[in-house]
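Student: Input: one structure, supplied below.
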Amino acid sequence: MGGYALLAVGTAITVAAPANAAPAGGSSTSSAIQEALQRDLGLSPQQAQVRFQQEQVAFSKEKTLRIELGDTYGGSRFDAASGKLVVGVTDASRVSQVTAEGAVAEVVQHSAAELSATQSKLEQGSASAPKSVTSWYTDVATNSVVVEVLGSDASAASWAKSLGANVRFVTVAERPRTLWNVIGGQAITTTAGARCSAGFNARSSSGARYVIDAGHCGNLGGTWSGTGGTLGTVFRSSFPGNDYSAINVSSSSAVSTGLVDRYSAGSDVRVTGSSGGSVGQAVCRSGSTTGWHCGTINALNTTVTYSQGSVNQMIRTNVCAEPGDSGGSLVSNGTSTVTALGMTSGGSGNCSSGGTTFFQPVNEALSAYGLSLVLG
């Protein structure tokens, strides 16, 4: 035994999703908000302030009018063009009551209670909904309950009719999906009862997606999950001798990115390529236990002996790491773009006193499995 330990957490634990660090500086957040308002809503800072004030005034009347109108209340919405609250009423005699509050009145067919009851029928029958039905909601602007359907499917209409729900159908071209990123260095866990850290995202020539990780993590098997949901199962794994694996990302909700988490050191960095590294090179590692730590490469082509056996051709560094950091990304030092170097394997010491950590070169794993990196 060489006195070195692997860095997977081998007991089942609950892992909180690490948050990306906020931009440094006090003015960058407000600046980012202003840029987003200009880009997405076409609003200058002055126009944004006016709209904010209009919305405050408008929505301050909403609760009062809902109560006063009772069964005749047909829903409400903010109208950006007029800068006022638009309120639906089913009884024309209540229009003056709405306008007296400074809102705009619209006479509608259905009350908010009727629309809510229709939506409840759909929710109660959701288990029998055809797969073509992608969502349903109350559309205040058209005073209707809308059912969105993927393509043309008559069974959706039959389903709604069977529930006694009077709805409006809208055809959509794409099914909604959850959107979460697989980012290097963040926590991944397995149903086998352990936590590691994501290495790098990769893909095959056919487009299949993988997370390249430590082999001793892949050897654990089970179904792996990331911070936003299920990833998939292990495609292949090699340990000892090597220390690399490929987790098949079978979940359609997981978005593969060329990013590595810098944790408290700043925003995520983009992976622009890969390299074998050089002795004396400044490098940084990302891991779900200790975050972002940096150091230098001391040696290449190192053989390290663990209790499970020896691993060859490793990158030896003075970067610290701790259990749970296994598999995490080793990259060149950078604040915006980096080069992928390897995945965290094991070592000695910790991030309080310092230590030695070994990394499996990423290029060897990519070559073994015929994969290429997803670049940022």
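No value in this document is a laboratory result; all are computed from the given coordinates. Treat the numbers as computed from the prediction; the structure is a model and nothing was measured. Here Cβ is always computed from backbone atoms with ideal geometry, including for glycine, and neighbour counts include all displayed protein chains.
Student: Report relative contact order for segment 173-229 in percent, whole number only (criteria: Cα-Cα under 8 Å, sequence separation at least 6).
Tutor: 38 percent
Student: Find the all-direction average of the projected area of the Cα convex hull for segment 111-151, expressing the result in square nanometres with one decimal place. It would help to have the intermediate numbers written out before the result.
Tutor: On the way: hull surface 11.8 nm².
So the Cα hull casts an average projection of 2.9 nm².
Student: Could you give me the ³J(HN,Hα) list for segment 269-278, computed from phi with Karplus coefficients 6.51, -1.76, 1.60 and θ = phi - 60°, whole Hz, x at Gly and Pro?
Tutor: Residue by residue, segment 269-278 yields 9, 9, 7, 10, x, 9, 7, x, x, 9 Hz.
Student: If you don't mind, there's one more thing I want to ask. For segment 203-330, what is the convex hull volume of the alpha-carbon atoms per residue, in Å³? Numbers along the way, then the final one.
Tutor: Working: hull volume 15.9 nm³, N = 128.
Convex hull volume per residue, Cα atoms: 124 Å³.
Student: Take the Cα coordinates of segment 131-176, assign each an equal point scatterer, and use the Debye formula without solvent to give log10 I(q)/I(0) at q = 0.30 Å⁻¹.
Tutor: At q = 0.30 Å⁻¹ the computed log10 ratios are -1.15.
Student: Could you work out which residue, out of Asn166, Asn248, Asn298, moves most in a Gaussian network model of the chain, that is, has the largest mean-square fluctuation with Cα springs under 10 Å?
Tutor: Judging by the Gaussian network model, the answer is Asn166.
Student: Let me ask another. Let me check against my output: what whole-number percent is the relative contact order of the chain, with C-alpha pairs under 8 Å and at least 6 apart? Provide the component values of the computation, followed by the final result.
Tutor: Working: 943 pairs, mean separation 63.1, N = 376.
Computed over the chain, the figure is 17 percent.
Student: Moving on to the next point. Specify which residue in the list Ser144, Gly355, Cys294 is farthest towards the positive end of the charge dipole of the chain, using unit charges on the beta carbon of Lys, Arg (+1) and Asp, Glu (-1), about the Cα centre.
Tutor: Farthest towards the positive end: Gly355.
Student: Between Ser135 and Ser82, what is 0.36 nm times their sequence separation minus the Cα-Cα distance? Round to one decimal in nm. Spell out each step's value before the answer.
Tutor: Numbers: separation 53, 0.36 × 53 = 19.08 nm, distance 2.97 nm.
In short, 16.1 nm is gained.
Student: Can I ask one more? Assign unit charges at the C-beta atoms only (+1 for Lys and Arg, -1 for Asp and Glu), then state the dipole size of the chain relative to its Cα centre in Debye, rounded to the nearest 20. Working shown, then result.
Tutor: Numbers: 22 positive and 23 negative charges, 102 e Å.
Here the size comes out at about 500 debye.
Student: Right, another one. I need the phi-derived Karplus couplings for segment 76-88: 6.51 cos²θ - 1.76 cosθ + 1.60, θ = phi - 60°, integer Hz, Gly and Pro marked x.
Tutor: So the J values, rounded to whole Hz, are 8, 7, 8, 9, 5, 5, 8, x, 10, 7, 9, 10, x.
Student: Strictly greater than 18 Å: what percent of every Cα pair in segment 263-349 meets that?
Tutor: Working: 1472 of 3741 pairs.
Beyond 18 Å sits 39 percent of the P(r) for segment 263-349.
Student: Tell me, what is the percent relative contact order of segment 86-195, built from C-alpha pairs under 8 Å that lie six or more residues apart? Don't skip to the answer; put the middle values down first.
Tutor: Details: 131 pairs, mean separation 20.8, N = 110.
That works out to 19 percent.
Student: Could you work out Rg/(2.2 N^0.38 Å) for the chain, with Rg from alpha carbons only? Present the calculation step by step, with values, prior to reporting the outcome.
Tutor: Details: Rg = 27.7 Å, N = 376, 2.2 N^0.38 = 20.9 Å.
Scaled against compact globular proteins, the figure is 1.32.
Student: Right, here's the next one. Calculate for the chain the 222 nm mean residue ellipticity that helices alone would give, adding -39,500 (n - 2.57) per DSSP H run of length 4 or more and normalising by residue count, nearest 500 deg cm²/dmol. Intermediate results must be reported in sequence, preceding the final value.
Tutor: Details: 7 runs with 78 residues, N = 376.
That comes out to -6500 deg cm²/dmol.
Student: Now for a separate question. As a test of the definition: which semi-axes, in Å, follow for segment 93-180 when you take the square root of five times each eigenvalue of its alpha carbon gyration tensor? Largest first, please.
Tutor: Values: eigenvalues 180, 47, 25 Å².
With the √(5λ) rule applied to segment 93-180, the semi-axes are 30, 15, 11 Å.
Student: Continuing with the same structure: Please give the FRET efficiency for Ser348 paired with Lys63, using the beta carbon to beta carbon distance and R0 = 41 Å, rounded to the nearest 0.05.
Tutor: On the way: r = 62 Å, r/R0 = 1.52.
Here the calculated transfer efficiency is 0.05.
Student: OK, next. What number in nm² do you get for segment 156-219 if you take the convex hull of its Cα atoms and divide its surface by four? Before the final figure, lay out each step's value.
Tutor: On the way: hull surface 33.5 nm².
Spelled out: convex hull of the Cα atoms, projected over all directions, averaged, 8.4 nm².
Student: For the chain, what is the number of Lys pairs with C-alpha distance below 21 angstrom, counting only pairs 8 or more positions apart or on separate chains? Could you put the intermediate results ahead of the total?
Tutor: On the way: Lys61/Lys84; Lys63/Lys84; Lys121/Lys131; Lys121/Lys161; Lys131/Lys161.
Lysine pairs satisfying the spacing and distance rule in the chain number 5.
Student: Quick one: dipole size for segment 244-376, taken about the Cα centre, charges +1 on Lys/Arg Cβ and -1 on Asp/Glu Cβ, in debye to the nearest 20. Spell out each step's value before the answer.
Tutor: Working: 4 positive and 5 negative charges, 29 e Å.
With Lys and Arg at +1 and Asp and Glu at -1, about 140 debye.
Student: Tell me, what HN-Hα J-couplings in whole Hz come from the Karplus equation 6.51 cos²θ - 1.76 cosθ + 1.60 at θ = phi - 60° for each residue of segment 101-116, using x for Gly and Pro?
Tutor: For segment 101-116, the Karplus-derived couplings read 8, x, 9, 9, 9, 10, 7, 10, 7, 10, 7, 4, 5, 5, 5, 5 Hz, x marking Gly and Pro.
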